[in-house]
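Asks: Provided herewith is a single structure, encoded as structure tokens, for subsequent inquiry.
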Amino acid sequence: MTNTVIPPAGGAKSEADLDPFLDPWAEIERLRRKKNAVILAHYYQDGEIQDLADFVGDSLDLSRRAAATDAEVIVFCGVRFMAEVAKIVSPQKTVLLPDAEAGCSLEEACQPDAFRRFRDAHPGHLALTYINCSAQVKAYSDIIVTSSNVEDIISQLPADQPILFAPDRHLGGYLARKTGREMTLWPGTCIVHDQFSERQLVKLKVEHPDALVSAHPECHDGILRHADHVGSTRSILDFVVNDPSRKFIIATEPHIIHQMKKAAPGKTFIPAPGADGGCNCSNCPFMELNTIEKLYLAMVNMAPRVEIAEDLRLAALHPLQRMLEMSPPAGAVPAQAAE
Ligand code: 13P
Ligand code: SF4
């Protein structure tokens, strides 16, 4: 896979060089102004990173923000494929990722050469690819989708158009069931959403019969079949804020509960349990690599920094532009009812 994240150069500052009395929040604020930087964060980032970000959102909202910003530097507090998207849509900006190793199990599960062979083996199919993939896989795709726009985009495709969907088989399976479309699925999964336990969820629902379940479509069907609402991270957040119920079980990465508590302080949010009944295993190990200290160091070192060869960038831009053109207007992401 092409390495698109340039690590800090030799001699760059590291965590070992940090003054123990440094106030990283104040320093990040100073550097944000000095370097004309915008900090974008995904809902799965640690609460303290979410709180200092200029914007927190789901994958689609963050892509739109990255395309629209007039800042010179985008500090992307999320994972590599998100920072790559920011560079693809805003090539003139410097895009920083606090930890160069912040990947994604879905991206890993879909290597570009294997994906190209998959495409070649299915002539006449349209490659609808989830945004959680590398720039190279995007370059081999026809249209990129996120969990907040995918149903809308599928509804715009001719009814007889055969579809390849990669890399998340749970999201693909959910879409095939919901839209009735025949889809050939790539067998990838998200390690976070794949580990939720149906048995533990049913126990939790019995203990809390007044709680509604709000789930991300990367969850397997054993979870989705118990969900009252299925949608992207922003859609899950909107649902719990707007629904009159007071208690919710949240079947996605639990750092999003930080925003839920801020937006609906009187309500109760219970993280969906993993197989061992606890919830630490539901934290995304890739998202967790980013810390306040690494965010500060990235702004000092101007690295790790995303760089994408222009031919690859242009090839990946095309399916991303089709996504942006076919997406519902910003702020109008439909709240999806569960099946
Ligand atoms: P969304 O924020 O688009 O729902 O995606 C979730 C996710 O898994 C990001 O890695
Ligand atoms: Fe990837 Fe899953 Fe982590 Fe999202 S939560 S970044 S899909 S591993």
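The values are calculated or read from the model by the stated rules, or taken from the named source; none is laboratory data. Since the structure is predicted, the reported quantities are computational estimates derived from the model, not experimental observations. For neighbour counting, all protein chains shown are included, and Cβ atoms are generated from backbone atoms with ideal geometry for every residue, glycine included. To get the accessible areas, we keep the full protein, side chains included, count just its heavy atoms, and leave off ligands, DNA and RNA. Shrake-Rupley method; radii C 1.70, N 1.55, O 1.52, S 1.80 Å.
Asks: So Glu207 ticks every box in (1) of a type in the set (D, E, K, R); (2) over 29 Å from Asp142 (Cα atoms); (3) surrounded by 16 or more Cβ atoms within 10 Å (Cβ to Cβ) but one. Which box is left unticked?
Replies: Every listed condition holds for Glu207 apart from (3).
Asks: Now, a different point. What is the residue count in the stretch 147-156 for residues that are away from ligand 1 (no atom under 11 Å from the Cβ) and aliphatic (A, V, I, L, M)?
Replies: Summing the residues that are away from ligand 1 (no atom under 11 Å from the Cβ) and aliphatic (A, V, I, L, M) in the stretch 147-156 gives 2.
Asks: Quickly run through the stretch 13-53 and pick out the residues that are assigned to a loop (DSSP other than H, G, I, E, B) and closer than 17 Å to Val95 by Cα.
Replies: Lys35, Asn36, Ala53
Asks: Before we move on, is His258 touching a residue at least 40 places away in the same chain (Cβ under 8 Å), within 16 Å of ligand 1 (Cβ to nearest atom), open to solvent by 40 Å² or more (accessible area, probe 1.4 Å) and not β-branched (Val, Ile, Thr)?
Replies: yes
Asks: Please find, within the stretch 54-83, the residue that is surrounded by the most Cβ atoms within 10 Å (Cβ to Cβ) out of those that are closer than 16 Å to Met302 by Cα and away from ligand 1 (no atom under 13 Å from the Cβ).
Replies: Only one residue tops the list, namely Val75.
Asks: Right, Cys110: open to solvent by 10 Å² or more (accessible area, probe 1.4 Å), within 16 Å of ligand 2 (Cβ to nearest atom) and touching a residue at least 24 places away in the same chain (Cβ under 8 Å) or not?
Replies: Spelling it out, it is not the case that Cys110 is open to solvent by 10 Å² or more (accessible area, probe 1.4 Å), within 16 Å of ligand 2 (Cβ to nearest atom) and touching a residue at least 24 places away in the same chain (Cβ under 8 Å).
Asks: Quick one: which of Val95, Val75, Val89 is within 18 Å of Glu288 (Cα to Cα) and more than 16 Å from ligand 2 (Cβ to nearest atom)?
Replies: The unique qualifying residue is Val75.
Asks: I would also like to ask the following. Just a yes or no: is a residue in the stretch 298-310 open to solvent by 30 Å² or more (accessible area, probe 1.4 Å), away from ligand 1 (no atom under 16 Å from the Cβ), at pLDDT below 95 and more than 24 Å from Arg32 (Cβ to Cβ)?
Replies: no
Asks: Something else: Here are some conditions: (1) closer than 26 Å to Ser282 by Cα; (2) within 16 Å of ligand 2 (Cβ to nearest atom). Lys138 meets all but one. Which one does it not meet?
Replies: The single condition Lys138 does not satisfy is (1).
Asks: Turning to a different aspect of this structure: Go through the stretch 113-146 and give me each residue that's within 16 Å of ligand 1 (Cβ to nearest atom) and open to solvent by 10 Å² or more (accessible area, probe 1.4 Å).
Replies: The answer is Asn132, and nothing else.
One line per residue, one yes/no per condition, for (1) within 16 Å of ligand 2 (Cβ to nearest atom); (2) at pLDDT below 95; (3) touching a Phe, Trp or Tyr at 6+ places or on another chain (Cβ under 7 Å):
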site: Glu207; (1), (2), (3): no, no, no
site: His216; (1), (2), (3): yes, no, no
site: Thr252; (1), (2), (3): yes, no, no
site: Ile256; (1), (2), (3): yes, no, yes
site: Pro285; (1), (2), (3): yes, no, no
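Asks: Pick from Asp58, Asp19: which is acidic (Asp, Glu) and under 21 Å from Val85 (Cβ atoms)?
Replies: Asp58
Asks: Could you please let me know if Cys104 is touching a helix residue (DSSP H, G or I) at 6+ places or on another chain (Cβ under 7 Å), under 19 Å from Tyr43 (Cβ atoms) and open to solvent by less than 10 Å² (accessible area, probe 1.4 Å)?
Replies: No, not satisfied.
Asks: Return the only residue of Ile236, Ile191 being within 13 Å of ligand 1 (Cβ to nearest atom) and crowded, with 24+ Cβ neighbours inside 10 Å.
Replies: Ile236
Asks: Taking the stretch 54-73 on its own, how many of its residues are assigned to a loop (DSSP other than H, G, I, E, B) and within 16 Å of the chain's Cα centre (by Cα)?
Replies: Selection size over the stretch 54-73: 1.
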